[in-house]
1. Starting from 0.36 nm per residue, how many nanometres of slack lie between Val171 and Cys124 once their C-alpha separation is accounted for?
2. What is the dipole size for the chain, taken about its Cα centre, with +1 at each Lys and Arg Cβ and -1 at each Asp and Glu Cβ, in debye to the nearest 20?
3. Determine the dipole magnitude for segment 9-79: charges of +1 sit on the beta-carbon of Lys and Arg, -1 on that of Asp and Glu, nothing else is charged, the reference point is the Cα centre, and the result goes in debye to the nearest 20.
4. List every DSSP H helix in the chain whose Cα atoms extend 24 Å or more along the helix's own long axis and whose mean Kyte-Doolittle hydropathy is at least -0.5.
5. Over segment 130-178, with the other protein chains present, what is the accessible area per residue in square angstrom, probe 1.4 angstrom?
6. Sticking to Cα atoms, compute the Rg of the chain to one decimal and its Dmax as the biggest Cα-Cα distance, whole number, in Å.
Amino acid sequence: MNTRRMPLTARRVALRTWDAVTLLPRGVAALGAAAAGRGGSARSLLRADAGPVAPRPGAVRAAGHAVATVLLGALSLVLAAVLLLAVARGLFYGFVDQGPYDHSWGGPGRAGAWLAHFAVAAPCAVAAVAGLHGVARLQERLTAPLRGERRPGWVLPAVLVCSAAGALFVVAFLRQLP
């Protein structure tokens, strides 16, 4: 991902979004590293390297954080799918749906249908990126004890609630499919 030419704020959002999208594979790899007794590698994969004065948590503690990261990674994949769907059905609607547009939002013409779908998809895409940014921040706060920092008390319940909400969203989405 080439982010050198982006403005600083856009670069931060892009990197934080990329961090969120890669949480699931990094969490699975960290879980494998922790199971193999390589707590340092697991912390590195979770991007939670401890400073030189911080105590080094063991592999069991790193494994617990890896499991929570896997949950957040699954949630981030749901948000990434929402983002991809919003882009495909909004920005590229005219290419995705070849018509007829008689019963489409904004129809009966192709331009009206495209504009209507773009107007709905743009806020959904922004919300999905904001959600991915939030998931990355939540994971950063979750792994604070691995860095020798204090974790706020609300973080673990928030991880569990957000993961459950993501699972419910997936179930509801799958049930509405024909």
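The values are calculated or read from the model by the stated rules, or taken from the named source; none is laboratory data. Computed from a prediction, not measured in an experiment: that's the story for all the values here. When we count neighbours, we look across all protein chains shown, and the Cβ atoms used for this are built from the backbone with ideal geometry, even at glycine. Surface accessibility is based on the protein's heavy atoms, side chains included, excluding ligands, DNA and RNA. Shrake-Rupley method; radii C 1.70, N 1.55, O 1.52, S 1.80 Å.
1. Between Val171 and Cys124, full extension yields 15.0 nm more.
2. 740 debye
3. About 160 debye.
4. Helices meeting the span and hydropathy rule in the chain are 59-86, 110-142, 155-176.
5. Accessible surface, normalised per residue, equals 61 Å².
6. Reported Rg and Dmax, both Å: 19.8, 67.
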